[in-house]
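*Asks:* My questions will all concern the structure given below.
The values are calculated or read from the model by the stated rules, or taken from the named source; none is laboratory data. For clarity, every value in this text was computed on a predicted model and none was experimentally measured. Positions of Cβ are generated from backbone atoms using ideal geometry, with glycine treated the same way; all protein chains shown enter the neighbour counts. Ligands, DNA and RNA are excluded from the accessible area calculation, which covers all protein heavy atoms including side chains. Shrake-Rupley method; radii C 1.70, N 1.55, O 1.52, S 1.80 Å.
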Amino acid sequence: TDTAFEPSDAIGIYVVDESAGDLELSGNWANNAKGVFDGQDWDISPAIYWNGESRFNVYSYYPYSRDVNSVEDFRFPLQLDQRGDGYTLSDFMWAKCLSASREDGPVDLHFTHRLSRIDVRLVKGEYYEGELPQDAVVKIHGTVPVALVDLKSGDIVKDPEAVAAPIIARNNASGSYSAIVVPQKLLSQIPLIEVIIKDVSYLVSSKFIFEAGVRHSVDVVLSNNPDKVVINVGGGIDEWN
């Protein structure tokens, strides 16, 4: 969920002996071990053991991928349809714990959201007739849906070789939608949000800056005339974690 792991969620774990150097793709004390949550505990495979008095740096990410071909530019594509499981499988999270030792006890990993989130609220305008639809489809346009992740720092940039593609947002409740977006700047006035109601498209354009780890709020004020839809951009909420 937005605040907790659920049964069957899986994370990837890297463990680096401090004396051995920095995180590498292979040759670490643990290399992309898979941790699966059962609702209470994590089942780690292969198991990770302490090594005497050594201290370790631990890096972890969600969702787990078997195909990590770089720890500096790990390619993470978002789900283009974020309804159902597509939303959580797009919500890349990351954690680290430095200089952990056996004497310190369990390794505490605090995961943070590394991508950007946009919350879209549909609002009835003065001349909108009827109730808000329950089956509207909301799409986010103009963004590149592929991220490059530095697993050591948690930093994320958009893949410069990927192309923009529309993302279908999930429906949270009546008139409320959310989508995960790769952090990036849209500096030109371009079509950003499309609301489809009974085969009628309401398309609004805007410049926008999607910031890492920030939750952005947007109101789309609907009118019966698709050409007279306006967008109100609210403030971002920092420390989305």
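*Asks:* Under 18 Å from Asp150 (Cα atoms) and surrounded by 10 or more Cβ atoms within 10 Å (Cβ to Cβ) - does that describe any residue in the stretch 35-45?
*Replies:* No, every residue in the stretch 35-45 fails to be under 18 Å from Asp150 (Cα atoms) and surrounded by 10 or more Cβ atoms within 10 Å (Cβ to Cβ).
Each row is one residue, and each column tells you yes or no for (1) without any contact (Cβ under 8 Å) to a residue 24 or more places away in the chain; (2) among the polar types (S, T, N, Q); (3) open to solvent by 10 Å² or more (accessible area, probe 1.4 Å); (4) under 29 Å from Leu98 (Cβ atoms).
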site	(1), (2), (3), (4)
Tyr127	no, no, yes, no
Pro133	no, no, yes, no
Gly154	no, no, no, yes
Ile167	no, no, no, no
Ala179	no, no, no, no
Pro183	no, no, yes, yes
Ser188	yes, yes, yes, no
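*Asks:* Same structure, new question: Taking Val149 as the residue in question, decide whether it is among the hydrophobic types (A, V, I, L, M, F, W, C) and either at pLDDT 95 or above or in contact with a Gly (Cβ under 7 Å, 6 or more places away or on another chain) (or both).
*Replies:* When the stated conditions are applied, Val149 passes them.
*Asks:* Looking for whichever is in a loop (DSSP other than H, G, I, E, B) and open to solvent by 10 Å² or more (accessible area, probe 1.4 Å) here; the options are Arg75, Arg66, Arg121. Which one fits?
*Replies:* Arg66
*Asks:* Restricting to the stretch 90-108, name every residue that is of a type in the set (A, V, I, L, M, F, W, C) and modelled with pLDDT of 95 or more. Don't jump to the end; show me each part of the working.
*Replies:* Pass one, the stretch 90-108, residues of a type in the set (A, V, I, L, M, F, W, C): 92-95, 97-98, 100, 107.
Residues satisfying the conditions are Phe92, Met93, Trp94, Ala95, Cys97, Leu98, Ala100.
*Asks:* Identify the single condition in (1) modelled with pLDDT under 95; (2) of a type in the set (S, T, N, Q); (3) farther than 27 Å from Thr143 by Cα that Ser45 does not satisfy, given that it satisfies every other one.
*Replies:* (1)
*Asks:* Here's a follow-up. Is there any pair linking a residue in the stretch 62-76 that is under 13 Å from Ser153 (Cβ atoms) to one that is surrounded by 15 or more Cβ atoms within 10 Å (Cβ to Cβ), with Cβ under 6 Å and at least six apart or on different chains, and which?
*Replies:* Pairs that qualify, where the first residue is under 13 Å from Ser153 (Cβ atoms) and the partner is surrounded by 15 or more Cβ atoms within 10 Å (Cβ to Cβ), are Val71/Leu23; Val71/Leu25; Val71/Leu151; Glu72/Asp150; Asp73/Leu148; Phe74/Val68; Phe74/Val149; Phe74/Leu151.
*Asks:* Within the stretch 81-114, take every residue that is open to solvent by 80 Å² or more (accessible area, probe 1.4 Å) and outside any strand (DSSP E or B) and give me the one that is farthest from Trp42 (Cα to Cα).
*Replies:* Here the answer is Arg83.
*Asks:* Can you pull out the residues in the stretch 48-60 that are out of contact with any Leu (no Cβ under 6 Å at 6 or more places or on another chain) and not in a loop (DSSP other than H, G, I, E, B)?
*Replies:* Our first condition is that a residue be out of contact with any Leu (no Cβ under 6 Å at 6 or more places or on another chain); within the stretch 48-60, this holds for 48-56, 58.
Passing the criteria: Phe56, Val58.
*Asks:* Please find, within the stretch 190-226, the residue that is surrounded by the most Cβ atoms within 10 Å (Cβ to Cβ) out of those that are touching a strand residue (DSSP E or B) at 6+ places or on another chain (Cβ under 7 Å), small (Gly, Ala, Ser) and outside any strand (DSSP E or B). I'd like the intermediate steps shown before the answer.
*Replies:* To start, the set of residues in the stretch 190-226 that are touching a strand residue (DSSP E or B) at 6+ places or on another chain (Cβ under 7 Å) comprises 190-196, 201-222, 226.
Retained after the next criterion (residues that are small (Gly, Ala, Ser)): 201, 205-206, 212-213, 217.
Applying the additional criterion that residues be outside any strand (DSSP E or B) yields 212-213.
Details: Ala212: 18, Gly213: 20.
Only one residue tops the list, namely Gly213.
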